[in-house]
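Down below is the structure, laid out as structure tokens.
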Amino acid sequence: MKKISIPLLVAALCLLAFITIALSISDNQIHRFDAVLINWIQGMESPGMTRFMQFFTWIGSELQVVVITAIVMLILYVFLHYKRELLFLASVLIGSTVLNALLKLVFQRARPTIHRIIEVSGYSFPSGHSMAAFSLYGGLAFLIWKHIPSFTGRVCMIVASTGFILMIGISRIYLGVHYPSDIVGGYFLSGCWLSTCIWFYRRYLQRLSQLQAKSFA
């Protein structure tokens with residue numbers, strides 16, 4: 001019996017969840033979920049909280065993601081000589097960006113208009129900030145995991161990456177520029193894409209290892 005691939009299983013489950021959310025948006029069945037979360041998150045509004053949320057939105061903005069990615073790739077290529085890891089991360093981020101742009105055009109969901117703290121343009125679903133955050137910090141967590149030997153170090157890395165992903169998404173709801181379903185849908189879509197890239201990356205490494213074994217045989 002063939003072993004089930006965990007990354008492909010995760011990708012399939014994430015895709016199913018994304019499709020469910022997308023269909024709910026199309027049928028206007030998800031407004032209650034959005035309204036409850038928006039009221040709860042925006043109910044925490046204060047000057048200090050607004051600055052806090054604006055910081056995370058800034059961290060998750062396009063320019064900052066490009067800068068962070070460039071720094072990470074420079075470290076991977078120049079200092080650690082990780083060419084394969086660099087290609088993996090680039091594939092995750094580029095693919096996520098393309099998927100987001102295409103699906104925004106497909107769904108053309110308007111952004112929330114009630115209590116918007118900052119002004120942005122463009123369509124709402126799925127959230128570009130949430131997809132970029134999940135792809136970047138999720139991809140980094142996957143690459144760094146095997147290089148952290150201690151359990152405590154791995155837990156700290158997971159907590160930090162999860163914290164950034166969640167806070168960037170929540171900041172978009174707080175600032176009134178996304179519905180919660182935009183954020184959750186973006187997470188699931190990026191989870192699907194990241195898991196698919198992990199599967200291809202592992203398959204590539206396995207085949208490379210097999211070829212190297214045959215060459216030394």
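Data overview
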{"read-out": "Around residue 25: net Lys/Arg minus Asp/Glu count, Cβ-Cβ under 12 Å", "value": "-2"}
{"read-out": "³J(HN,Hα), Karplus 6.51/-1.76/1.60, whole Hz, each residue of region 30-35, x for Gly, Pro", "value": "10, 5, 5, 4, 4, 5"}
{"read-out": "The chain: Cys lacking any partner C-beta under 4.7 angstrom", "value": "156, 197"}
{"read-out": "Cα gyration tensor shape for region 77-175, rounded if a/c is under 1.5, else prolate or oblate", "value": "oblate"}
{"read-out": "Highest-fluctuation residue, 44, 157, 73 considered, GNM on the chain with Cα pairs under 10 Å", "value": "44"}
{"read-out": "Average Cα contact separation per residue, the chain, under 8 Å, 6 or more apart, as relative contact order %", "value": "36"}
{"read-out": "Most mobile listed residue (181, 61, 96) in the chain, GNM with C-alpha springs under 10 Å", "value": "61"}
{"read-out": "Rounded percent of accessible protein surface that carbon and sulfur make up, the chain, 1.4 Å probe", "value": "71"}
{"read-out": "Selected from 118, 170, 198 as most flexible by GNM, with the chain as the system and alpha-carbon contacts under 10 Å", "value": "118"}
{"read-out": "Size-normalised alpha-carbon gyration radius of the chain, reference 2.2 N^0.38 Å", "value": "1.11"}
{"read-out": "Shape metrics for region 130-194, restricted to C-alpha atoms - Rg then Dmax, Å", "value": "12.9, 41"}
{"read-out": "The chain - charge dipole about Cα centre, Lys and Arg +1 at Cβ, Asp and Glu -1, debye rounded to 20", "value": "880"}
{"read-out": "Accessible surface, per residue, of region 7-68 when the full set of protein chains is kept, probe 1.4 Å, Å²", "value": "64"}
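The values are calculated or read from the model by the stated rules, or taken from the named source; none is laboratory data. This is a predicted model, so every value here is computed, not measured. Neighbour counts run over all protein chains shown; Cβ positions are idealised from the backbone, glycine included. Ligands, DNA and RNA are excluded from the accessible area calculation, which covers all protein heavy atoms including side chains. Shrake-Rupley method; radii C 1.70, N 1.55, O 1.52, S 1.80 Å.
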